[in-house]
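Written below as structure tokens is the structure these notes are about.
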Amino acid sequence: MAVREILIIGDPVLTRKCEPVDEITADIVRLARDMVETVHAAPGVGLAAPQVGISKRLIVVDLSVGESQEALHVLVNPEIVSAEGEAICEEGCLSVPDIKEKVARPYKVSVRGRDLEGRPIEIEGEDLLARALCHEIDHLDGILFVEKLSPLKRALIRKRLRKSAGSPKRA
Ligand SMILES: [Zn+2]
């Protein structure tokens, strides 16, 4: 296993729609394990394959950041099958360093996908788990959370990111 480099906003891979995983090969399993290690090392609560430069529909979410095996979800080809309610909460992204903004997300979602053995799985998530699942699935469609903000907020963030572009990267 290895910690992979996390791409930062501005990288074209982050705005590309990802391809479904057709077959769970040894490479996909390795990628998933590396993503788990990478998100724990960051530390963060979720990571999508395009954030490490791979345009495939694969996400990991772990609200416990490595504390609990049960909290770790690895999902191949995840899809939101139902969403309920709304919650507004501060959100950040490992690909958008040092920016945290309030984003509206569904309060509850059901997500279907496959595990690394190819078995179908369905996860129900509320509150922060729903938020993390939606955030990571957005990445698979090339959407960063800052795109959910108002044009004014986005302009301010662009300005801040340009200013910090000269400073060393955290990733
Ligand atoms: Zn993110």
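Among the residues of the range 44-59, the one identified as surrounded by 18 or more Cβ atoms within 10 Å (Cβ to Cβ) and of a type in the set (S, T, N, Q) is GLN51. Does ALA41 satisfy the condition of being within 16 Å of the ligand (Cβ to nearest atom), among the hydrophobic types (A, V, I, L, M, F, W, C) and surrounded by fewer than 16 Cβ atoms within 10 Å (Cβ to Cβ)? It is true that ALA41 is within 16 Å of the ligand (Cβ to nearest atom), among the hydrophobic types (A, V, I, L, M, F, W, C) and surrounded by fewer than 16 Cβ atoms within 10 Å (Cβ to Cβ). Suppose the filter is touching a residue at least 12 places away in the same chain (Cβ under 8 Å) and open to solvent by less than 60 Å² (accessible area, probe 1.4 Å); does VAL29 pass it? It is true that VAL29 is touching a residue at least 12 places away in the same chain (Cβ under 8 Å) and open to solvent by less than 60 Å² (accessible area, probe 1.4 Å). Taken over the range 60-72, the residue count meeting the criterion of being open to solvent by 40 Å² or more (accessible area, probe 1.4 Å) and touching a residue at least 60 places away in the same chain (Cβ under 8 Å) is 1. Here the range 143-160 is the region considered, the condition is being within 16 Å of the ligand (Cβ to nearest atom) and either over 18 Å from the mean Cα position of the chain (by Cα) or within 16 Å of GLU79 (Cβ to Cβ) (or both), and the residue that is modelled with the lowest pLDDT is ILE157.
Which one is farthest from the chain's Cα centre (by Cα), of the residues in the range 9-26 that are crowded, with 16+ Cβ neighbours inside 10 Å and modelled with pLDDT of 95 or more? Checked the range 9-26; the qualifying residue farthest from the chain's Cα centre (by Cα) is ILE24. Among the candidates ILE157, ILE143, the residue that is of a type in the set (Val, Ile, Thr), in contact with a helix residue (DSSP H, G or I) (Cβ under 9 Å, 6 or more places away or on another chain) and assigned to a helix (DSSP H, G or I) is uniquely ILE157. Every test in (1) buried (at least 21 other Cβ atoms within 10 Å of the Cβ); (2) outside any strand (DSSP E or B); (3) away from the ligand (no atom under 16 Å from the Cβ) is passed by LYS163 save one, and that test is (1). For GLY92, the conditions (1) open to solvent by 40 Å² or more (accessible area, probe 1.4 Å); (2) within 14 Å of the ligand (Cβ to nearest atom); (3) not aliphatic (A, V, I, L, M) all hold with the exception of (1).
Kindly provide the set of residues from the range 97-114 that are open to solvent by less than 20 Å² (accessible area, probe 1.4 Å) and either more than 14 Å from the ligand (Cβ to nearest atom) or at pLDDT 95 or above (or both), ordered by number.
Of the residues in the range 97-114, the ones open to solvent by less than 20 Å² (accessible area, probe 1.4 Å) are 99, 103, 105, 109-111, 113.
Result: VAL103, ARG105, VAL109, SER110, VAL111, GLY113.
When PRO120 is tested against (1) open to solvent by 20 Å² or more (accessible area, probe 1.4 Å); (2) touching a residue at least 24 places away in the same chain (Cβ under 8 Å); (3) of a type outside the set (Asp, Glu), just one condition goes unmet, and that condition is (2). Among the residues of the range 136-153, those that are over 17 Å from ILE88 (Cα atoms) and surrounded by fewer than 18 Cβ atoms within 10 Å (Cβ to Cβ) comprise ASP141, GLY142, ILE143, PRO151, LEU152.
The values are calculated or read from the model by the stated rules, or taken from the named source; none is laboratory data. A quick note: this is a predicted structure, and the numbers were derived from the prediction, not measured. FYI the Cβ positions are ideal-geometry reconstructions off the backbone, even for glycines, and counts take in every protein chain you see. Side chains are part of the model used for accessible areas, which takes the heavy atoms of the whole protein and leaves out ligands, DNA and RNA. Shrake-Rupley method; radii C 1.70, N 1.55, O 1.52, S 1.80 Å.
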